[in-house]
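The values are calculated or read from the model by the stated rules, or taken from the named source; none is laboratory data. Values in this document were obtained by computation on a predicted structure and should not be read as measured data. Here the Cβ positions follow ideal geometry from the backbone for every residue, glycine too, while neighbour counts run over all protein chains shown. Protein only, heavy atoms only, side chains kept; ligands, DNA and RNA dropped before computing areas. Shrake-Rupley method; radii C 1.70, N 1.55, O 1.52, S 1.80 Å.
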There are 2 protein chains.
Amino acid sequence: MSGLPRLALTIGDPAGCGPELVAAALASRSLRARAELVVVGDRRVVEAALARRRRPPPSGFGVHATPTLTTAAEARAAMAAGAPTLAGGRVALDAIEAATDLALAGRVDAVVTAPISKEAIAAAGCVHPGHTELIAERAGADVVMAFFAGGLRTALATTHIALRDVPSRLDAGRIGRAGFLLDQALRRHEGIAAPRIAVCALNPHAGEGGLFGDEEPRLIRPAVEALRVAGVDASGPLPADTVFARARAGEFDAVVALYHDQALIPLKLLGRGTAVNVTLGLPFVRTSPDHGTAYDAVAAGTVEPRPFRVAASLAADLAAAR
Amino acid sequence: MSGLPRLALTIGDPAGCGPELVAAALASRSLRARAELVVVGDRRVVEAALARRRRPPPSGFGVHATPTLTTAAEARAAMAAGAPTLAGGRVALDAIEAATDLALAGRVDAVVTAPISKEAIAAAGCVHPGHTELIAERAGADVVMAFFAGGLRTALATTHIALRDVPSRLDAGRIGRAGFLLDQALRRHEGIAAPRIAVCALNPHAGEGGLFGDEEPRLIRPAVEALRVAGVDASGPLPADTVFARARAGEFDAVVALYHDQALIPLKLLGRGTAVNVTLGLPFVRTSPDHGTAYDAVAAGTVEPRPFRVAASLAADLAAAR
């Protein structure tokens, strides 16, 4: 053991950009200087991805091969499909499950996941809409989805639900948990002694003193007060249309957003393609890039390796500080 | 007549930053080179603002004095209050009403409004939440609120309502009207032959094919199709978390947003304090800066004149191209 944090890198959908991203990460000197890397996935998919590189990455990384329930012909077909397949979904799921189990057993410190296809994992029998829910269930944890993009860190109180369901699904406990996990992550992993956490309002102008909606006094203010009682330097509810600019200017270390687009609109503008999805509330670190399988880019030979490398690099930082 | 467009500048709340902003705009050479300026407001407030400048602006601007229903003592008190007052609200309303009437009579081409206090105009008996609604009613027009910030132009299908009311208040007609007025404004005022208009989705990932919410197929797609039938180059519904970055990158000329924060979060991040509020659907041009009365900045002597000047400058451009 080197003392460096150990990262499991899952290969994602075999027809997507994942295998190529993982192979590129294995070849990254800066990443290898900061972490021990273990590829987790179907051995045939991993070998094909390594063979496709002009120069193979230097030895010294681990490979944790997942059980081969697909035939060689199925694996080849899944890799070549350029689209979601049942066999591809099975291969992707095997890697996620194996990596989660390695992390739960303490054999790796962090899991970095390459993109999967929702359609493929659904075809392979998975009921979860994505990595976050799947890993959370396997770990038995109540997690919060967060995004780190440069200096902007945001946790979401609700995620993949219809906008019309957001007001009824929000509750003070969920908002408080997002703030609490952000506070804990920033203290533990980023060495910020007393993180300043802003909590977004739901309504325009934070409801303008009760003119538009009542969620600010009814749900959000109690959550902020509970956080403050628990020792978290929380502020809010703050108008969502200015809070991200204030955070960017240094007034806050992190922001609790109440719904998907409230967080993702500013993150994608400010993160410029390198926002990292971070799952808070697990007993290990988990990150992923904020993009999909990019089947088109695979076909065109234009896969962009940087977001995955940034996600792995953040995982190394977070895991090193555990 | 110089052939330049004529702009009415309203003084706004007399205790706020408005009078100072108007006086600064009158002194702006670049603005005076492009428009004839007419200050609209209580003569005592206008004179006090001009007197407070180290050097008075050169002559050659107009003053349209509003009726004096407040006493001299009330006007002085309203100016000095540093806070909303009933008299201040009355003075602010008089200016807006007079400027609107000048524009409706064709005596000015555009109205640029300085910030008012909602509380003060409510105390003075106004039932509208702000300029946009007040001017729309006086003009008998069905207007759409829009924001222009650098290269990003956005119209809103709903404005100051609770987030939980957004899904039920949205309708295809409202979305279509926002797209249609944006298209018209960009053709007529900005010389874009076939503006490319993106229409936001309401739900995360544009509903992910019906997984979260049904507004995309039920309301938004029909609105986009109606726009296309009417000859507008409209696209959508597009995921809101990437559409603003795509517009910034040049893929679209303008975006129709469905609710306040969906538009204002990206605009305030990208506009960096100089987003201009534009009212579409009036028979004249109307702009305003995207900030409030700034009572604190007035007291501290730190009023920032640039956003009002940018709003006036945009009004001059839009009016020149009518």
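For the residues A:Gly207, A:Gly236, A:Gly16, a GNM of chain A with alpha-carbon springs under 10 Å puts the largest fluctuation on A:Gly207. Shielding value for B:238-250 is 3, the average number of Cβ atoms from other chains within 10 Å of each residue's Cβ. Under 5 Å from the amide H of B:Val199 lie the amide H atoms of B:Ser235, B:Gly236, B:Leu238, B:Val256, each residue being 5 or more positions distant or on a separate chain, with H modelled from the backbone and absent for Pro and chain starts.
Annotation: the antiparallel percentage among DSSP beta bridges lying fully within the protein assembly as shown is about 30.
Computed over neighbours whose Cβ is under 10 Å from that of B:Val232, the net charge equals +1, Lys and Arg +1, Asp and Glu -1.
Inter-copy label distances for A:Asp101: 8.1 nm (label point placed 7 Å from Cα along Cα→Cβ; shortest first).
Beta-bridge orientation, chain B: approximately 30 percent antiparallel, per DSSP, counting only bridges with both partners inside. Out of B:Val310, B:His160, B:Gly150, whose Cα points farthest toward the positive end of the dipole of chain B (charges: +1 Lys, Arg; -1 Asp, Glu; placed on Cβ)? Farthest along the dipole direction, towards plus: B:Val310.
Taking θ as phi - 60° and the Karplus parameters 6.51, -1.76 and 1.60, the scalar couplings of segment B:278-285 work out to 10, 9, 9, x, 8, x, 8, 7 Hz in sequence order, x denoting glycine and proline. Measuring with a 1.4 angstrom probe and ignoring ligands and nucleic acids, B:Ser168 comes out at about 90 Å² accessible.
Helices meeting the span-like rule in chain B (full DSSP H runs, Cα extent of at least 20 Å along the helix axis, mean Kyte-Doolittle score of 0.5 or higher): B:86-104, B:306-320. When peptides A:178-185, B:71-78, B:241-248, B:24-31 are ranked by their average number of other Cβ atoms within 10 Å per residue, the highest-first order is A:178-185, B:241-248, B:24-31, B:71-78. Dipole magnitude for segment A:33-161: about 660 debye, using +1 per Lys or Arg Cβ and -1 per Asp or Glu Cβ, origin at the Cα centre. Averaging Cα coordinates gives a centre for segment A:111-145 and one for segment B:180-241; these two points are 32 Å apart. Per-residue ellipticity at 222 nm from helix content only, as computed over chain B with -39500 (n - 2.57) for each DSSP H run of at least four residues, stands at -13000 deg cm²/dmol. The amide H of B:Gly62, built 1.01 Å from its N in the peptide plane, has B:Leu37, B:Val38, B:Val39 as neighbours under 5 Å, considering only residues 5 or more places off or on other chains. Based on the alpha-carbon gyration tensor of segment A:107-219 and its eigenvalue square roots a ≥ b ≥ c, which shape applies: rounded if a/c is under 1.5, prolate if not and a/b is larger than b/c, or oblate? Because a/c hits 1.5 or more and a/b fails to exceed b/c, segment A:107-219 counts as oblate.
Rolling a 1.4 Å probe across all protein chains gives A:Met145 an accessible area of roughly 20 Å².
Between B and A, roughly 3200 Å² of accessible area is buried in total, ligands, DNA and RNA not counted and the probe set to 1.4 Å. For segment B:143-280, carbon and sulfur atoms together expose 50% of the accessible surface, with a 1.4 angstrom probe and every protein chain in place. Within the shell defined by Cβ-Cβ distances under 13 Å, the residues around A:Pro307 carry a net charge of +1, with Lys and Arg each +1 and Asp and Glu each -1. Database remark: amide H of B:Arg286 closer than 5 angstrom to the amide H of B:Val111, B:Thr279 (H placed geometrically; neighbours at sequence offset of 5 or more, or on other chains; Pro and chain starts carry no H).
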